[in-house]
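To start, the structure under review is shown below, and the notes come after it.
The values are calculated or read from the model by the stated rules, or taken from the named source; none is laboratory data. What you see is a predicted model, and the numbers here were worked out from it, not measured in a lab. Here the Cβ positions follow ideal geometry from the backbone for every residue, glycine too, while neighbour counts run over all protein chains shown. Surface accessibility is based on the protein's heavy atoms, side chains included, excluding ligands, DNA and RNA. Shrake-Rupley method; radii C 1.70, N 1.55, O 1.52, S 1.80 Å.
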Amino acid sequence: MPTKFILIGSGLAGGLLGAYLGRRGSDVDLYERRADPREGNIVGGRSINLAVSTRGIHALEQLGIANEVLKHAIPMRGRMIHPGTAGRAPIFVPYDVDPKKCINSIGRAALNTTVIDAAQRYPNVRVHFNHRCTDVDLTEAVAYLETENGQVTVRGDAVIGVDGAFSAVRQSMQKKLADFEYNESYLAHGYKELTIPPGPAGSWQMEKNALHIWPRKSFMMIALPNPDGSFTCTLFWEFEGPRSFATTKTDDDVRRFFDEEFPDAVPLMPTLLDDFRQNPTGSLVTICCAPWSYKDKLALVGDAAHAVVPFYGQGMNAAFEDCVVLDECLAEFPDNRERAFSKYFARRKENADALAALAIENFIEMRDKTASKTFRAKKKLDHLLEGLFPGIYLPLYTMVTFTRIPYAQAARCARLQDTIVYGSLVAVILAVLVLLAVAFM
C-alpha cells in the first residue's frame, strides 16, 4: 500500500511538496484554507513578489517545471540604489562578477498556480480548497478541518504542515508536546505594499532588470519588476517613533514623508495615497522551533518550521530546498519514515537558524549600508577576489543566492574569508608603515 500523506497548506511549498510526494507514488491529499489561487483569489496588498534563485530553481528543475516558472519571471542582475540626496542618479551594484547570475522576480500567483498544476499532474494527488485546519491528532495522523459545510476529519499515515508562519499543525505540536521548543521574534519594523504602475504601452518606468532600493538608514523602500511593466514596492518602516507608521496619519503626512525621502519615486506613484491608506501594515516575524517532526506521524516544512524575514529573498527558496531534502530522506529510508523525518530535521535545522540570522543582517545592510561608498568598495573587492580566485573565494551573497552550499556552511566560510582578507590587508598596511618608518629614521 502506498503511504497516505495529508498535507496542510497548498501554498508555494505545499504545492511543490505535493508534486514531489506524488512523483514518489504516495497517496496525497492537500488541504488549503483559502480559495483556489488559479481562480484569481490572491489577496493584494501583501507584497506578493518573490525572488527565485538557485536553490528554488534546482527544486523546480527536479520536477521539470523550472522553465515553465521562469517564463513568468524577470531577471534582476543587481541592486539599483536610489540615494537620498536630491539630484544624484541611481547607482547600479551587480550581485555577482558574472553578469549572467541573477535573481528572478515573480508574482506569487503565477508560481503558486504552476506548482499546484504540477502536483495535480499526478493522479494520486488531490487538492482541496476552502478547508481550514483546526487541530491535528499527532498520534493517529488525523487532521480536523473546517469547511463552509461543517467539520471534516481526514486520516493518513502522516500529516505534514506546510501552512506557513502561523501554522495550525505546529500549534498542535506546541499544545501537545511538552518538550517542544518555540521562539518567535518580531522586528520593530512593519511593511506596506505600494505600486508603481506601468508606463505608456506597458513600459517599465525604471530599470527593469534590477531590484530597486531606497536605503534611508533606519528604514527603506524596495521595488521589484512585474511582467506587466509595473513595480511592486514595499516600504519597511518602524511601527512606532517620531517618524513612523504610528505618527503618519493623514494624506498630508504621507505626501510630506514621501516627498522628503523618495522624491524620485513619488512622480511614478499616482496611487500612493490610496495604496498607503488601503493596504494593511504587515509584521515581520522570525520563528524557530524544534523538533520538526513527531515519530513517523507528523512533520513541518517551510515557514511552518522556520519563518524568516524577507531580506535575503530566501524564504521561499529555503522552503523549496526543504522539499528536496525531505524527498531525499524519504528515498534514503523508504521503510522507516520516522528516521527519514529525523534525518530531514538534522540536515535542515542548523541551516534554517543560520538563514534567520543572515536575513536580519541583510536588512541592516540593505537599509544602512548600500548607499555608502564603503559598501560599494567592499562589493568591488569581493568581485575582484572572486575573479582572481575562481572557485576558491566566493562572497557570502554569492554562496547564499547562487550556490546550494548549506546556509550554515556559507556563513562560516564567509567569516573565515573576511578574517583572512582583512587580516592580510591590515598586515600589509602595518608592513608598509614599518618600512616607511625605517626609511625615514
Report task. Any residue in segment 323-336 that's touching a residue at least 24 places away in the same chain (Cβ under 8 Å): show its pairings with residues that are exposed (fewer than 15 other Cβ atoms within 10 Å of the Cβ) and acidic (Asp, Glu) at Cβ separation under 6 Å, as long as the two are six or more apart or on different chains. Result -> none
Report task. Hey, could you check segment 200-228 for residues that are modelled with pLDDT of 95 or more, open to solvent by less than 30 Å² (accessible area, probe 1.4 Å) and in a loop (DSSP other than H, G, I, E, B) and say which is nearest to Phe276 (Cα to Cα)? Result -> Met206
Report summary line: When segment 292-337 is checked residue by residue, the ones that are in a helix (DSSP H, G or I) and modelled with pLDDT under 95 are Pro310, Phe311, Tyr312
Query raised in the report: Under 6 Å by Cβ, and 6 or more places apart or on different chains, what pairs join a residue from segment 182-207 that is in contact (Cβ under 8 Å) with a residue 24 or more places away in the chain with one that is part of a helix (DSSP H, G or I)?
Result: Tyr182/Gln174; Leu194/Asp275; Thr195/Asp275; Ile196/Leu268; Gln205/Leu268
Query - Test for Ile48: is it under 28 Å from Ser283 (Cβ atoms), touching a strand residue (DSSP E or B) at 6+ places or on another chain (Cβ under 9 Å), among the aliphatic types (A, V, I, L, M) and at pLDDT 95 or above - result: no
Report task. Inspect all residues belonging to segment 375-394 and state whether any of them is out of contact with any strand residue (DSSP E or B) (no Cβ under 9 Å at 6 or more places or on another chain), under 20 Å from Glu350 (Cβ atoms) and at pLDDT 80 or above. Result -> yes
Query - Candidate set from segment 292-312 (those that are of a type in the set (Val, Ile, Thr) and under 13 Å from the mean Cα position of the chain (by Cα)); member that is surrounded by the most Cβ atoms within 10 Å (Cβ to Cβ) - result: Val308
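Could you say whether any residue in segment 7-17 is part of a strand (DSSP E or B) and open to solvent by less than 10 Å² (accessible area, probe 1.4 Å)? I'd like the intermediate steps shown before the answer.
In the first step, residues of segment 7-17 are kept if they are part of a strand (DSSP E or B); the result is 7-8.
Then drop every residue that is not open to solvent by less than 10 Å² (accessible area, probe 1.4 Å), which leaves 7-8.
Scanning segment 7-17 turns up at least one residue that is part of a strand (DSSP E or B) and open to solvent by less than 10 Å² (accessible area, probe 1.4 Å).
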Query raised in the report: What about Lys343, is it open to solvent by 10 Å² or more (accessible area, probe 1.4 Å) and closer than 22 Å to Ser172 by Cβ?
Result: no
Query raised in the report: Which numbered condition trips up Ala352, out of (1) touching a His at 6+ places or on another chain (Cβ under 8 Å); (2) not in a helix (DSSP H, G or I)?
Result: (2)
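Tally the residues that are part of a strand (DSSP E or B) and open to solvent by less than 50 Å² (accessible area, probe 1.4 Å), restricting the search to segment 261-291.
Filtering segment 261-291 for residues part of a strand (DSSP E or B) gives 282-290.
Restricting the remaining residues to those that are open to solvent by less than 50 Å² (accessible area, probe 1.4 Å) gives 282, 284-290.
The qualifying residues number 8.
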**Report entry** Selection from segment 66-76 of residues that are in contact (Cβ under 8 Å) with a residue 60 or more places away in the chain and open to solvent by 50 Å² or more (accessible area, probe 1.4 Å)
**Finding:** His72
Query - strands (runs of 3 or more DSSP E) completely within segment 77-169 that count 3 or more residues being open to solvent by 10 Å² or more (accessible area, probe 1.4 Å) and without any contact (Cβ under 8 Å) to a residue 24 or more places away in the chain - result: 142-147, 150-155
**Report entry** Residue match in segment 251-260 (condition: part of a loop (DSSP other than H, G, I, E, B) and open to solvent by 30 Å² or more (accessible area, probe 1.4 Å))
**Finding:** no
Query raised in the report: If you take the residues of segment 170-192 that are of a type in the set (A, V, I, L, M, F, W, C) and more than 30 Å from Thr271 (Cα to Cα), which of them is most open to solvent (accessible area, probe 1.4 Å)?
Result: Ala178
Query raised in the report: Only one of Thr232, Thr247, Thr195 is assigned to a strand (DSSP E or B), among the hydroxyl-bearing types (Ser, Thr, Tyr), more than 28 Å from Cys289 (Cβ to Cβ) and open to solvent by 30 Å² or more (accessible area, probe 1.4 Å); which?
Result: Thr195
